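Read-outs throughout are calculated quantities, based only on the coordinates presented, and are distinct from any laboratory measurement. Nothing here was measured: the structure is a model prediction, and the numbers come from that model. With ideal geometry, Cβ positions are generated from the backbone for all residues, glycine too; neighbour counts draw on all protein chains shown.
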Amino acid sequence: MVIGERVRLRAIEPSDGEALWRWHGDPEVMRWMNAPYPPSLARTVKQIEERAPDTYGDLQLMIDTLNGRAIGIVALREAEPETGDATLDIYLGEKDTWGQGYATDAMRVICRYGFDTMRLHRISLTVVADNTSARRVYEKVGFVEEGRRREAFRRDGKWHDKIMMGLLEGELR
Ligand SMILES: CC(C)(COP(=O)(O)OP(=O)(O)OC[C@H]1O[C@@H](n2cnc3c(N)ncnc32)[C@H](O)[C@@H]1OP(=O)(O)O)[C@@H](O)C(=O)NCCC(=O)NCCS
């Protein structure tokens with residue numbers, strides 16, 4: 001378990017299945033993310049049960065508030081020892097927790113873990129240009145814009161650009 005000022009990160013349990021299923025079915029939560037086809041609750045629980053253990057290259061953690069409420073997921077994927085680069089994803093499925101600094105703290109905790117424990121050199125992510133709150137969170141902790149993929153995301157009948165961002169070891173704020 002990895003602990004921050006407002007959240008702690010832990011392994012995902014089969015008992016988290018109901019929450020994940022609810023979050024993945026919520027159009028507001030999934031608005032700026034690649035939403036899977038609507039999953040069944042049974043399938044979601046089975047996927048968690050059958051998921052291989054977390055590894056250096058595929059780490060997915062539940063974000064809990066310090067009083068134990070599961071509120072979202074943060075992941076570091078595709079970490080490579082040769083490049084020291086990994087890709088980060090984050091979302092908070094419990095909408096009533098938005099705007100209270102939980103994602104900012106979870107970002108700091110996972111990035112610190114990536115740099116200190118996994119010895120990463122950089123962390124990469126992409127974000128839809130119109131996802132202003134996510135961009136604000138990433139900029140707050142030190143991510144900088146590194147590129148733009150034009151019209152790389154489609155939502156509500158419109159194309160949106162995606163911004164590529166990166167954080168180097170030593171830049172985390
Ligand atoms: C994006 C998300 C992770 C942010 O989580 P959060 O816990 O609400 O974020 P925080 O409270 O730590 O910080 C939000 C920041 O954005 C700001 N913000 C919120 N709405 C904003 C808006 N419309 N325009 C500009 N800034 C905005 C807040 O003021 C805050 O910045 P501040 O601390 O400088 O005031 C969360 O809303 C979420 O999971 N959304 C759905 C999934 C998603 O989009 N994930 C990211 C995919 S790349």
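Between A42 and R155, what is the label-point separation in nm under the 7 Å Cα-to-beta-carbon projection?
3.2
Give a quick list of GluC sites (Glu not before Pro) in segment 52-148 that DSSP marks as loop, anything other than H, G, I, E or B, with at most 10 other Cβ atoms within 10 Å.
Here the sparse-neighbourhood loop sites are E82.
Using only the alpha-carbon atoms of segment 116-173 as identical scatterers, what base-10 log of I(q)/I(0) does the Debye formula give at q = 0.14, 0.16 Å⁻¹?
Normalising to I(0) and taking log10 leaves -0.42, -0.53.
For segment 2-168, compute Rh as the Kirkwood radius over C-alpha pairs and then the Stokes-Einstein diffusion coefficient at 25 °C and 0.890 mPa s; write the answer in µm²/s, rounded to an integer.
Taking Rh from Cα pairs, D becomes 148 µm²/s.
With a point put 7 Å past each Cα toward its Cβ, work out how far R122 is from D89 in nm, to one decimal.
In this crude label model, R122 to D89 measures out at 2.2 nm.
Compute the Cα gyration tensor for segment 69-173, then decide on rounded, prolate or oblate, letting a ≥ b ≥ c be the square roots of its eigenvalues: rounded whenever a/c is under 1.5, prolate when a/b is larger than b/c in the other cases, and oblate in all that remain.
Verdict is oblate for segment 69-173.
Obtain the nm distance between the two label points defined at S15 and E50 by a simple spin-label model: each point lies 7 Å from its Cα along the Cα-to-C-beta direction.
In this crude spin-label approximation the distance works out to 2.4 nm.
Enter the per residue convex hull volume of segment 1-80, computed from alpha-carbon coordinates, in Å³ rounded to the nearest integer.
117
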